[in-house]
Amino acid sequence: PRPTPPDARSTSSPTSPPLAMSKLWGGRFTGKTDPVMERFNNSLDVDKVMWSHDIDGSVAYAAALEQCGVLTGAEASSIRDGLELVREEWAKGVFVVKEGDEDIHTANERRLTELIGAAGGKVHTGRSRNDQVVTDLRLYLRSVCAELASELQSLVAVAAKRAEAEVDMLMPGYTHLQSAQPIRWSHWMLCHAQAWRRDHQRLVQAAERMNECPLGSGALAGHPFGIEREALAKSLGFRKPTANSLDSVSDRDFVVELSSWASLLMCHLSRFAEDIIIFSTQEFGFLKCGDSYSTGSSLMPQKKNPDAAELLRGKANRVIGHNTALLGMLKGLPMAYNKDLQEDKYALFDSLDTVQAALKISSGVLATLLPNPERMRGALNSFMLATDLSEYLVRKGVPFRETHHISGRAVQMAEQRNCPLTQLTLADLQTLHPLFTSDVMSVWDFDAAVERRDSIGGTSRRRVLEQAKELADWATGAPQ
């Protein structure tokens, strides 16, 4: 029969162990821990998000201990039932943290022992918090990675949908923040979507590399009771057990890899945000941010500030800083486990929480942008067609290096006359090269210019629509 839980809000229980025994490491200590050290050492506020994964790990570990004869069937059953009661308390929000619960692993085992008695103390046989912590962390991050991958797909889907619907809007493309060539508004959206898809691919790859089970490695030297680690790994959904017990408990490559991934993603979101910030200024006026993602000024009533975009840009610094902190923490650690590694969760969890919020905000910002197609088209200028002018002569057999120089002289002529490039006459152009004929005037057409770039990845209408469809299919999981 399942044990009946006492009131989970109670601060004591007839079967509660004394405080010294509530610590997993307390046996050889006689003095009390300094209260400041208690707080300094406590990580429960951060790692309690892994409560369910810690229970999953202990349920699987109890089954493995039963299989290798460490636990009797009755003991294993009692432990499983007790752990499910602990899970229920967490799920209902009635789990009570007590003095001595320095982390989620201690808290769950303490509560299990309160519920089922001495058998609860057997669940840790052959297991160290060293392999327990890193197993819980991998389990937790596996679920977080799945959530983040879904958010990225949603963001790409928003970009693809808008790109298809707004494909006929033209805007200036920039290099060095100087107007360069005409492009499609959709092309700009999809360039960011391509970066986000790469972020998704890297996340999936990182999650796959992380999907190995360290449980059964002990503190550093392996398991003494013949536990079947392959079966244990399979029961927890891991691809395989880790190969070296020393490496298993000290490896935080996957933490740094996810932190680095988060840093690069935030760089991509920051660049997206920077474009929005610039394009939404009165000087550009290409777009307006939706009211849901903007704020005003406490002094100037006319202001509409792109705060969501600015926060995306600002929070990238925070995530990058966490990545630097993790690398700095790891670089000098001797093998194997050291308590420094407790700090990995502070940095990584905050980074991943920030990324998750940033992805939701980015989707909302992108979905509610209000483009101004007239203003974007009005910002196109004749000098953005100088490359097309040089390519006109290339089509007549003139080497590009020569045509580049000729087109540059045409730009110089227009600048000296303080007129647009399009106001140069055929006679003017023929002073630069005799192969200019009357059909050169067809070059001065922005729509034709973007259509001429018709290779894969170019700005022509069909290529942009192809790209939008391919990204939309990818984001929704449709066959490609």
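Multiplying the sequence separation of Thr437 and Val398 by 0.36 nm and subtracting their Cα-Cα distance, what value in nm do you get?
The span from Thr437 to Val398 would gain 12.6 nm if fully extended.
Give the separation of the Cα centroids, region 56-132 to region 376-424, in Å.
75
Taking R0 as 30 Å, what's the FRET efficiency between Val36 and Ala149 from their Cβ-Cβ distance, rounded to 0.05?
0.15
Once R0 is set to 60 Å, what does the formula 1/(1 + (r/R0)^6) return for the Cβ-Cβ distance between Thr387 and Glu343, expressed as a FRET efficiency to the nearest 0.05?
Plugging the Cβ-Cβ distance into 1/(1 + (r/R0)^6) gives 0.70.
Which shape class, rounded, prolate or oblate, goes with region 58-188 when its Cα gyration tensor gives a ≥ b ≥ c as root eigenvalues, a/c under 1.5 marks rounded, and past that a/b bigger than b/c marks prolate?
Prolate is the answer for region 58-188, as a/c is 1.5 or above and a/b outweighs b/c.
Per residue, how much accessible surface does region 388-480 expose to a 1.4 Å probe? Answer in Å², no decimals.
Result: 56 Å² per residue.
Take the alpha carbon gyration tensor of region 200-310, find the square roots of its eigenvalues, order them as a ≥ b ≥ c, and report rounded if a/c is under 1.5; if not, report prolate when a/b exceeds b/c, else oblate.
Taking the square roots of the gyration eigenvalues as a ≥ b ≥ c, region 200-310 is prolate.
Calculate, for Cys419 and Lys304, the FRET efficiency according to 1/(1 + (r/R0)^6) with r their C-beta to C-beta distance and R0 22 Å; round to the nearest 0.05.
Result of the calculation: an efficiency of 0.05.
Could you order peptides 450-462, 200-212, 393-405 by the average number of other Cβ atoms within 10 Å of their residues, highest first?
200-212, 450-462, 393-405
Treat each spin label as a single point 7 Å out from the Cα along the C-beta direction, and report the Phe225 to Val411 distance in nm.
Distance between the two pseudo-spin positions: 7.6 nm.
What percent do you get for the relative contact order of region 171-276 when only Cα pairs under 8 Å and 6+ apart count?
26
Report the equivalent ellipsoid semi-axes for region 324-480 in whole Å, largest first, defined as the square roots of five times the eigenvalues of the gyration tensor built from alpha carbon atoms.
52, 22, 18
Suppose we keep just the alpha-carbon trace of region 56-107; what are its Rg and Dmax in angstrom?
Every Cα atom of region 56-107 included, Rg and Dmax give 12.6, 35 Å.
Just the number please: accessible area per residue for region 187-262, 1.4 Å probe, all protein chains included, in Å².
So region 187-262 comes to 41 Å² accessible per residue, rounded to a whole number.
Over the chain, what percent of the accessible surface lies on carbon and sulfur atoms, probe 1.4 Å?
The nonpolar share, carbon plus sulfur, comes to 55 percent.
Using only the alpha-carbon atoms, what does region 163-233 span along each of its principal axes? Please give whole angstrom values in decreasing order.
Cα extents, longest axis first: 69, 28, 11 Å.
What is the distance in Å between the Cα centres of region 290-350 and region 430-480?
39
Please state the equivalent ellipsoid semi-axes for region 374-444: what are the square roots of 5 times the Cα gyration tensor eigenvalues, largest first, in whole Å?
Each semi-axis is the square root of five times an eigenvalue, giving 20, 14, 11 Å.
One-quarter of the Cα convex hull surface for region 286-348, in nm²?
Quarter of the Cα hull surface area: 7.0 nm².
Quick check: Cα centre of region 236-264 to Cα centre of region 146-179, how many Å?
Centre-to-centre (Cα) distance: 33 Å.
What pairs from Lys303/Lys360; Lys92/Lys315; Lys32/Lys122; Lys98/Lys331; Lys92/Lys122; Lys48/Lys304 go past 30 Å between their alpha carbons?
Lys92/Lys315; Lys98/Lys331; Lys48/Lys304
Return the Rg/Rh ratio of region 256-312 with Cα-based radii and a Kirkwood Rh.
Rg divided by Rh gives 1.11.
Provide the packing ranking of 123-130, 106-113, 187-194, i.e. peptides ordered by the mean count of other C-beta atoms within 10 Å per residue, highest first.
106-113, 187-194, 123-130
How large is the dipole of the chain about the Cα centre if only Lys and Arg carry +1 and Asp and Glu carry -1, each at its Cβ, rounded to the nearest 20 debye?
My answer is approximately 380 debye.
Stokes-Einstein at 37 °C, 0.692 mPa s, Kirkwood radius from Cα pairs: D for the chain in µm² s⁻¹?
Translational D for this selection: 122 µm²/s.
The values are calculated or read from the model by the stated rules, or taken from the named source; none is laboratory data. Values in this document were obtained by computation on a predicted structure and should not be read as measured data. Don't worry about glycine lacking a Cβ; one is built from the backbone with ideal geometry, like all the others, and counts go over all protein chains shown. Side chains are part of the model used for accessible areas, which takes the heavy atoms of the whole protein and leaves out ligands, DNA and RNA. Shrake-Rupley method; radii C 1.70, N 1.55, O 1.52, S 1.80 Å.
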